[in-house]
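Here is the structure we will look at, set down as structure tokens.
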Amino acid sequence: DWLISPRYPNPQWWPIQQVRFRPDEHLAAPDTTGWTPVSADAGGVVHLGDNTQAETGDVVYAVATLQADEDRPVWLNVGATSSAEVYVNGQRAAYLPNVKGLQRDECTFQVPLRAGPNTIVVKLERYWERHWMFYVSRGMG
């Protein structure tokens, strides 16, 4: 399950790496007060809306918690219909460029988890896609 931030307007369409909003100040533990809970569909995809519900350039943040029994590395698979950055416990772990369509395992990377709760933040910027979506799944390894 994910918590999704309100949309942050970016009418100049600045690249995702060049825009900062309030959640960027505390990516290790963002304040999610007032954020919307959203569950992934049966395929693990999180739907953020269609092109009538967001403007081109809008940025949202998605937050989830991943529990670990012990300190250890894990593989994550990420895909998004738009540009995205992934942070684990406040550290940037991946960048996905704007690629048309949602691609399975578009980006696969290893991250160190600590024992207990680990915070995953996905920062997404909407472009022209009709349906704005992303997914994060545990990889093999």
Response to the item:
If every Lys and Arg gets +1 and every Asp and Glu gets -1 at its Cβ, then about the Cα centre the range 1-98 yields a dipole, in debye to the nearest 20, of 240
Worksheet item: Roughly what would the spin-label model give for residue 24 and residue 52, points 7 Å off Cα along C-beta, in nm?
Response: 3.2
Discussion item. Give me the net charge for the shell around residue 54: Cβ to Cβ below 14 angstrom, other residues only, Lys and Arg +1, Asp and Glu -1.
Written reply: -2
Fill in: Square roots of 5 times each gyration tensor eigenvalue, C-alpha, the range 39-83, largest first, Å
27, 12, 10
Discussion item. Which one, 11, 60, 30, is farthest towards the positive end of the dipole of the range 4-71 when Lys and Arg carry +1 and Asp and Glu -1 on their Cβ?
Written reply: 11
Discussion item. So for the range 27-138, averaging the separation of alpha carbon pairs under 8 Å that are six or more residues apart and normalising by length, what relative contact order in percent results?
Written reply: 41
Item to complete: Loop only per DSSP, at most 13 neighbouring Cβ atoms within 10 Å: give me the trypsin sites (Lys or Arg not before Pro) in the range 51-141, ordered by residue number.
Response: 100, 104, 114, 130
Discussion item. Just checking my list (1) 16.1; (2) 17.8; (3) 15.1 against Kirkwood radius over Cα pairs in Å computed from this structure; which label fits?
Written reply: (3)
Discussion item. So if each residue of separation counts as 0.36 nm, and I subtract the Cα-Cα distance between residue 31 and residue 110, what length gain in nm does that give?
Written reply: 25.9 nm
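Normalising by the residue count of the range 81-141, find the relative contact order in percent from Cα pairs under 8 Å and 6+ residues apart.
Numbers: 86 pairs, mean separation 26.6, N = 61.
Once normalised by length, the contact order is 44 percent.
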Worksheet item: If we count GluC sites (Glu not before Pro) as exposed when they sit in a DSSP loop and have at most 16 other beta carbons within 10 Å, what is the longest stretch of the chain that avoids them all?
Response: 71-141
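Just so you know, all these numbers are worked out from the coordinates, no wet-lab data involved. Quick caveat, the model's predicted, so the values are computed rather than measured. When we count neighbours, we look across all protein chains shown, and the Cβ atoms used for this are built from the backbone with ideal geometry, even at glycine.
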